[in-house]
Structure formats: structure tokens, C-alpha cells
């Protein structure tokens, strides 16, 4: 019987779509093409991405010595993404996952240390456990965006989101919630629907307590999009963007490796998603959908959109699947324009 890691490696070797998420978040094409044919065991994976991480870390150091700080910052973040791939491959909390996540955090903090944007490492308490977050503070903020990450992603993976939002002078707040990233790896806190409700509410209250005079926006993808819609019901939130929201009770066939990964981080096997049909949604929502999405059907998305208040927007991409991966950069630009309308 194949383990979850073996199933993940097989999927990565056989299906190019596996890599879409990682490619749009920064993983280089040549790094993927070099490893795919060789993906027979875990050691090949960790060795390859460790070398890629070290290579980019060295490149970042070289740029920094030449006073090319922006380039150095980017390549430190890219090196962290490769180390993040190594922690991600382990579905369950263990020493190896912890080791690679620590390497990821070291690279991220090297990037933060040389960045012109102030970064603060923060935390909140959920179910007597610490949830770890980061806040980035441009000098003259026009708004504050809470990035709600998909359950299978860490905040470090989505560094391009931060970069795009910060360039346009938005404060960014990004936490790893129950079952996610740094919080799961170091605290062992698993996801339940109730914990995610508490987490979303607490992050919004946290943002409001520090930035009460700045418009508060939400940006979420996949399960994070569903929780962004939930969060939009909070009166402190101004607007929310939902990219490919995951809908509960959807009769879909998810890949075996993904189901097993989720079972490792979810305590309540029923669902960790909010029941969107029970929410009193009244704030503006901009929803994005990929027509080729096999995780959430177009019919389900259309039905949800019809229930939203009149001040809403919808954009569907014919050639995109779940999370609209290859349109994410454009989606972030459109979202920032819409936030400020």
C-alpha cells in the first residue's frame, strides 16, 4: 500500500497540472523539468529542492554584496519557497517537516531584514495554541489586506501576493491558521470548522485593533476564499475577494494524495469549510472562477453568486481551473483597483 508521500511523488511525476500552483508562486520551470522524471523516492525530492534553495540563497547573497537589494530580497524569498516544498511534502508533523520549515523561515527572514518594507512577526491564540503571522507595513498605506491562505498552503508560499499588494501601498496581514504551515508544524493545531471560524474572526479583530482608520479588505483563494466570504460578514470588513471558493458538500473526486494530506491536518473529518448558505452576506464581494474548475462546479459557483448582495462583481476565465492559477497576477491587480473604487 502506497504512503501519502509516495502517492504525492507519483502524482508530481505523472501530471503536469500538479505543478501549476508551484509555478505561479515562483518555482522555476527548469527546476521542475529536471526533477519530474526522477521522482521515485522522497530523498530525490528533498535533495533537489534543498539544492535549489541553497543555489538561490547563494545568489541572493551575491546580489546583496553588489548592493542589488531588491534582487537579493526576491531570491531569498525564492530560496524559502524551495525549502517550503520540502516541508510541504511531509503531510504530518515530524522532525523532518520542522527542520525544513525552520530553513524556510530563516530565508524569509533574511529577505525581510534587507527589505525596505517593515515586517512584524505576530501571533494570536486559538484553542490554547499559537497561530503565527506576519504583517508588512508600507509607509503610506491605502488599505489593509488580510490574505486568507488555502488550507494546504503556508503564508511563506504566497510571497508574491505580499509583494504585489505592498507595491501598491497596502498593508498585508497573513497568518497560518489551524492545520496550516508554521502553526501546524510547530504547534500541532489541527483544523476544525469551529477553529477556523474563531481564527478568521480573531484575525479580523487583530487587524482592526491595530489599523482602525484604514479600510480592511480580505483576499482568499480556494478554502481561503470561502473563509474570506465568511469574514466579509464582519462589519469591520469593507470588501472581500474570493478566488475559486471551495463549497462544502460538493460531490467531487479529489486526488487520493490530497485527501490523505487533508486527513493529516483536519481533526473534524466532516468539513472545515463555512456553510456559506447560512451566512448573512451584505458586503461587496468580487468573485473569480475558472470554467475548468473540477473542485467546485460552475453551477455551484453561479448559485452562490446569485445569493450575494447587489454590490458584487464576477469574472470567469474559460481556460482556467481551480484557483485560476495563471490569472492570479492579473486577479491581484484587478482586486486592488476594485478595493479602491
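Against the list (1) surrounded by fewer than 20 Cβ atoms within 10 Å (Cβ to Cβ); (2) within 20 Å of the chain's Cα centre (by Cα), the condition residue 134 fails is (1).
Residues that are closer than 16 Å to residue 283 by Cβ and without any contact (Cβ under 8 Å) to a residue 12 or more places away in the chain are absent from segment 187-204 altogether.
Based on this model, can you work out whether residue 109 counts as surrounded by fewer than 18 Cβ atoms within 10 Å (Cβ to Cβ) and closer than 24 Å to residue 327 by Cα? Taking the combined requirement at face value, the residue does not satisfy it. Applying the selection to segment 303-329, what residues are touching a strand residue (DSSP E or B) at 6+ places or on another chain (Cβ under 9 Å), exposed (fewer than 14 other Cβ atoms within 10 Å of the Cβ) and at pLDDT 95 or above? Of everything in segment 303-329, those that are touching a strand residue (DSSP E or B) at 6+ places or on another chain (Cβ under 9 Å), exposed (fewer than 14 other Cβ atoms within 10 Å of the Cβ) and at pLDDT 95 or above turn out to be 318, 319.
Each residue in segment 14-50 was checked for being surrounded by 16 or more Cβ atoms within 10 Å (Cβ to Cβ) and within 13 Å of residue 86 (Cα to Cα), and 8 pass. Out of 62, 79, one residue alone is surrounded by fewer than 16 Cβ atoms within 10 Å (Cβ to Cβ) and either in a loop (DSSP other than H, G, I, E, B) or not assigned by TED's automatic domain parsing to the domain that holds residue 150 (or both). It is 62. Would you check if there is a residue in segment 177-188 being closer than 26 Å to residue 339 by Cα and either in contact with a helix residue (DSSP H, G or I) (Cβ under 7 Å, 6 or more places away or on another chain) or crowded, with 24+ Cβ neighbours inside 10 Å (or both)? Looking for residues that are closer than 26 Å to residue 339 by Cα and either in contact with a helix residue (DSSP H, G or I) (Cβ under 7 Å, 6 or more places away or on another chain) or crowded, with 24+ Cβ neighbours inside 10 Å (or both), one finds at least one in segment 177-188, hence yes. Suppose the filter is more than 17 Å from the chain's Cα centre (by Cα) and either at pLDDT 95 or above or surrounded by fewer than 24 Cβ atoms within 10 Å (Cβ to Cβ) (or both); does residue 210 pass it? Here the answer is yes, as residue 210 does meet what is asked.
Of 24, 69, all but one fail to be modelled with pLDDT of 95 or more, touching a helix residue (DSSP H, G or I) at 6+ places or on another chain (Cβ under 7 Å) and under 23 Å from residue 258 (Cα atoms); the exception is 24. Going through (1) closer than 18 Å to residue 173 by Cβ; (2) in contact with a helix residue (DSSP H, G or I) (Cβ under 8 Å, 6 or more places away or on another chain); (3) surrounded by fewer than 24 Cβ atoms within 10 Å (Cβ to Cβ) one by one, residue 221 falls short only on (3).
The values are calculated or read from the model by the stated rules, or taken from the named source; none is laboratory data. Just so it is clear, the structure is predicted and the values come from calculations on it, not from any experiment. No Cβ is skipped: glycine too gets one built from the backbone with ideal geometry, and neighbour counts run over all protein chains shown.
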